[in-house]
Amino acid sequence: MIKIQAEANVPTEHGTFRMIAFSENENDWMPHMAIVAENTDFSKPVNVRFHSECITGEVFHSKKCECGQQLDAAMKYIHENGGIIIYLRQEGRNIGIINKLKAYSLQEKGLDTVQANLELGLPADDRNFGVAIEILNLLDVKDINLLTNNPEKVKYVVDSNIHLNSRVPLQIPANEISKGYLQTKKDFFGHLLDDNDN
Ligand SMILES: Nc1nc2c(ncn2[C@@H]2O[C@H](COP(=O)(O)OP(=O)(O)OP(=O)(O)O)[C@@H](O)[C@H]2O)c(=O)[nH]1
Ligand SMILES: [Zn+2]
């Protein structure tokens, strides 16, 4: 069972957030995180994003995906409207950074995101959002607006004890490099993306 291990207020470029670390024990160096905007009103549906770690996109501003821009957009959104980002340590859709770089290497040879994972003998997406539901329960959140384009995340909430009030799209316009990646998300995973954006 995970629990809150530590929490503190952290000022950022997007405002100040309460950062909370969740794990089974305090020696976990990669705990899941929740960042809670100061003006969050828990008596109304809470804006929530489940965000999977992407070191290439978020730290190094990779152009292959839109994860860094989505994280920034979500921080800005919850700073303005209240809400929580649940930052999940699911690098590379939970195959880890070593396997993700191996997959990128295969992508350089022409495979798409999904084909590359399968070629490595790994699932196309190995994530489970159950832990995000657990975190919402620990924070006593019962009703949410979910910031996502991913129908799988929507399904996890619908199948849980949390009420889904609405889905808020979080679309970032494609660039020349991310175009194919976004098209695969739409075609293979059924992500809810508008045509004119990718
Ligand atoms: N295996 C693999 N993982 C990737 C690749 N590109 C991005 N990722 C990972 O994908 C995760 C982000 O998931 P996405 O499927 O892009 O988006 P999502 O979070 O499911 O959906 P949204 O809520 O709409 O953003 C992060 O963990 C990234 O590290 C890739 O080419 N291969
Ligand atoms: Zn990414």
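The values are calculated or read from the model by the stated rules, or taken from the named source; none is laboratory data. All of these numbers come straight from a predicted model, not from anything done at the bench. Virtual Cβ from ideal backbone geometry, glycine too; neighbours counted across all protein chains shown.
Quick notes
- Residue check, GLU134 surrounded by 15 or more Cβ atoms within 10 Å (Cβ to Cβ) and within 19 Å of HIS14 (Cα to Cα): no
- Residue list for the range 169-185, restricted to those being farther than 21 Å from ASN117 by Cβ and out of contact with any Leu (no Cβ under 7 Å at 6 or more places or on another chain): ILE172, PRO173, ASN175, GLU176
- The range 61-113, subset within 8 Å of ligand 1 (Cβ to nearest atom) and small (Gly, Ala, Ser), residue farthest from LEU193 (Cα to Cα): ALA103
- The condition of being under 18 Å from HIS51 (Cβ atoms) and not in a loop (DSSP other than H, G, I, E, B) holds for only one of LEU118, LEU136, that being LEU136.
- Set ALA37, ALA74, ALA8: member being out of contact with any Gly (no Cβ under 9 Å at 6 or more places or on another chain), of a type in the set (Gly, Ala, Ser) and in the same structural domain as ASN175 (by the TED database): ALA8
- If the condition is being among the charged types (D, E, K, R), within 14 Å of the chain's Cα centre (by Cα) and either under 21 Å from LEU139 (Cα atoms) or surrounded by fewer than 18 Cβ atoms within 10 Å (Cβ to Cβ) (or both), then the range 14-72 contributes ARG49, GLU53, ASP72.
- In the range 73-106, the residues that are without any contact (Cβ under 8 Å) to a residue 24 or more places away in the chain and either within 14 Å of the chain's Cα centre (by Cα) or within 15 Å of ligand 2 (Cβ to nearest atom) (or both): GLY96, ASN99, LEU101, ALA103
- Single residue of the range 169-182 satisfying the filter (within 10 Å of ligand 1 (Cβ to nearest atom) and either under 20 Å from GLY82 (Cα atoms) or of a type in the set (S, T, N, Q) (or both)) that is farthest from the chain's Cα centre (by Cα): SER178
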